[in-house]
Amino acid sequence: MRGVRVLERILSTIPIVFGVAVIVFCVMRFTPGDPIDVMMGREGHVSQEQIDALRREFGLDKPIHVQLYLFLSRAVRGDLGNSLTKHRPVSTLIRERLPATVELALGALVFSLVLAIPIGVISAVRQYSFVDRASMAAAFLGISMPAFWLGIICIIVFSVRLGILPSYGRLPYGLEPARVTGLYVLDSILTGNFSSLLAALRHLFLPSITLGAAMAAIVARVMRSSMLEVLRQDYVMLARAKGLTEWAVITRHALVNALIPTVTVVGIQTGVLLGGNMIVETIFSWPGIGRLAVDAIFNRDYPLVQGVVMVYALTFVLANLAVDILYTYINPKIKL
Amino acid sequence: MLTAARGTLTRFDPVLIRVRTIARNFSELAYQVYRHPSALIGFVILAAYVVMALFAPVLAPYPPNKGSVRQSFMPPAWQEGGSPAHLLGTDHVGRDILSRIIYGARVSLWVGFLSVVVSMVVGLVLGAISGYYRGILDDVLSRFAELLMAFPFLLFAIGVMAILGPGFFNLIAALTFKSWVEFFRLVRGETISEKTKEYVEAARAQGQSNFAIITGEILPNIIHSVVVLATLRVGYMIITEASLSFLGIGVQPGIPAWGSMVDDGRDYLRTAWWVSTMPGLALLLLVLAINLFGEGLRDILDPRLKVD
């Protein structure tokens, strides 16, 4: 039964993805200045025949509904057209850049969870202690901190003053490991290239902190409050009455249940991680799709914008889907 | 108690009594804020920023765009080489950073408050209609809201700004375009749940019009959650505006905005750390104050959501 529900939930994302594609297409098409004008603006003076030829080539001479149909049918096959500025297939550009963005998001996710979950648990167990108050104050600071400023402070402290961490790029030139997944940390481990691993981790550190700080703050707060809620429940009292150690009560009974609201927040925040990476990628010159998106928007590179936005929206939708499915497994009471 | 006072918002009294009740509720609220330490701290800092923005021409030691290259990169007053004439130092073209921070408060506060007010009004109207009447309109609006939620906020705002071009009202439009959805979802959900309660049934039995029920019965009972959400959104909007300015697509160049000031200093982090640091600090303090005030307001108005 659960399998059917999961399948239904998966299928329900299709109209959303379809709707996103239609919105992106419409916004791009109804924006003043069509792609050919933008291209011509770059090429200098051109004749009307050349413009018409290009219109035919890009299918812009066809009625709008035919264009939409062509766009959607190509997109389903993974063909997102060619970039106007880089003159290469959009899907190739995205494929090249996506691993950097995924690696950064994973780094931020790991950083925030490793930091926030223990802090949330300790704060709840030792409510109103110094540790609780200090960490909640820090979390409050975290949710109010603009990411671009935190990134700059990290660079000033760790790169400029202390000189211990690099402030831009993914790796020094020439140290790239052989490509397996495109994630440098993982590829270095898989190929046993430890000098690359160390360098990749050092480069990943500051961007991950910058991107993950806000999420860490939110997760710590949610973790603390849901843990406090759970610790008041009868079954926790019963577990204590049975004579279990405090450690067993917390880890085996309380933590598992307190994690449920946290999973939702993590899912939502994964979307925010992707949405926030444009800033972090800009500050740390991180060659991911965030920076690609910003450049494409500035250059009015429509096919590239369309492609990147689709990837973002798809990831967002998939993150929510993953949360919903995960939910049914950690909390069997919840039905999709 | 404020909750008791809110309960006294009697629905069929003449206008005068209603005005008195609102005034009493407001003074109750002010008293509760006064008694809530973090809300009070947040409010005081926020008020200081508002005063700073309003009286910028009087308070700022220099005009925001005045500077000479000969005075560029002067460090803050407490550092070697600094001067009390430029308390927080000067930037790459010799402009006084303190003066630009004071003027920059105008952009942040205006954009923050205005974009939240517009989002709130749009979300309130559509959410109440959608939740009350349901039907096709509700389906369409809810699906549209769901679609908008699939776009990262900043990416959306960047896209809208790229289409509309820089400018104050374009910025408000870019920020509002997606953020009304938050209010819509809240108001819609609350309206659906309030609609089934007895007081709404009673009002309907008395023959009140749908409009009167929505505005006179349901809204007064859900408005506190909306106010809390609005307050907490202001900080987020201010950060987003600053992020857009940081990327170079905020208000027109020439108008001092904290985000673009941080960006100005990015090339000089090794030699002049203060150019980027100071405006960011001003931004952090403002957002901190708004969040303190907002969370305090939430504890007071919506104790159900209180974080223990």
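Worth pointing out:
- Residue within the stretch A:249-264 that is touching a Gly at 6+ places or on another chain (Cβ under 6 Å) and of a type outside the set (D, E, K, R) present: no
Conditions (1) modelled with pLDDT under 90; (2) buried (at least 18 other Cβ atoms within 10 Å of the Cβ), marked per residue:
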site: B:Ala257; (1), (2): no, yes
site: B:Asp263; (1), (2): no, yes
site: B:Tyr268; (1), (2): no, no
site: B:Trp273; (1), (2): no, yes
site: B:Leu283; (1), (2): no, yes
site: B:Leu286; (1), (2): no, yes
site: B:Ala289; (1), (2): no, yes
site: B:Arg298; (1), (2): yes, yes
site: B:Leu305; (1), (2): yes, no
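- First in the stretch B:55-76 and under 11 Å from B:Thr90 (Cα atoms) and free of Cβ contacts under 8 Å to residues at least 24 places away in the same chain, second anywhere and surrounded by 17 or more Cβ atoms within 10 Å (Cβ to Cβ) and among the charged types (D, E, K, R), Cβ under 8 Å, 6 or more apart: B:Ser72/B:Asp91
- Segments classed as helices (runs of 4 or more DSSP H), wholly inside the stretch A:226-336, with at least 3 members that are surrounded by 20 or more Cβ atoms within 10 Å (Cβ to Cβ) and within 14 Å of chain B (Cβ to nearest Cβ): A:255-283, A:289-298, A:302-330
- Test result for B:Thr271, over 23 Å from the mean Cα position of the chain (by Cα) and away from chain A (no Cβ under 14 Å): no
- Filtered residue count, the stretch A:128-155, keeping only those that are assigned to a helix (DSSP H, G or I) and under 21 Å from A:Ser285 (Cβ atoms): 9
- Out of A:Ser135, A:Ser144, A:Ser129, A:Ser123, sole residue that is within 13 Å of chain B (Cβ to nearest Cβ), of a type in the set (Ser, Thr, Tyr), farther than 19 Å from A:Thr264 by Cα and more than 23 Å from the chain's Cα centre (by Cα): A:Ser123
- Out of B:Asp91, B:Asp138, B:Asp96, one residue alone is more than 25 Å from B:Arg266 (Cβ to Cβ) and buried (at least 17 other Cβ atoms within 10 Å of the Cβ). It is B:Asp138.
- Residues (under 13 Å from A:Val125 (Cβ atoms) and in contact with a helix residue (DSSP H, G or I) (Cβ under 8 Å, 6 or more places away or on another chain)) located in the stretch A:230-245: A:Val230, A:Leu231, A:Val236, A:Arg240
- Of all the listed residues (B:Met74, B:Met161), the sole one being in contact with a strand residue (DSSP E or B) (Cβ under 8 Å, 6 or more places away or on another chain) and either more than 14 Å from chain A (Cβ to nearest Cβ) or in a helix (DSSP H, G or I) (or both) is B:Met74.
- A:Val236 in contact with a His (Cβ under 9 Å, 6 or more places away or on another chain) and more than 30 Å from B:Gly265 (Cα to Cα): yes
- Pick from the stretch A:73-91, criterion of a type in the set (A, V, I, L, M) and within 24 Å of the chain's Cα centre (by Cα), ranking: modelled with the highest pLDDT: A:Val90
- Residue within the stretch A:273-284 that is of a type in the set (Ser, Thr, Tyr) and out of contact with any helix residue (DSSP H, G or I) (no Cβ under 7 Å at 6 or more places or on another chain) present: no
The values are calculated or read from the model by the stated rules, or taken from the named source; none is laboratory data. Model, not experiment: these values are computed from the prediction. Heads up, the Cβs are rebuilt from the backbone with ideal geometry, glycines too, and the neighbour counts pull from every protein chain shown.
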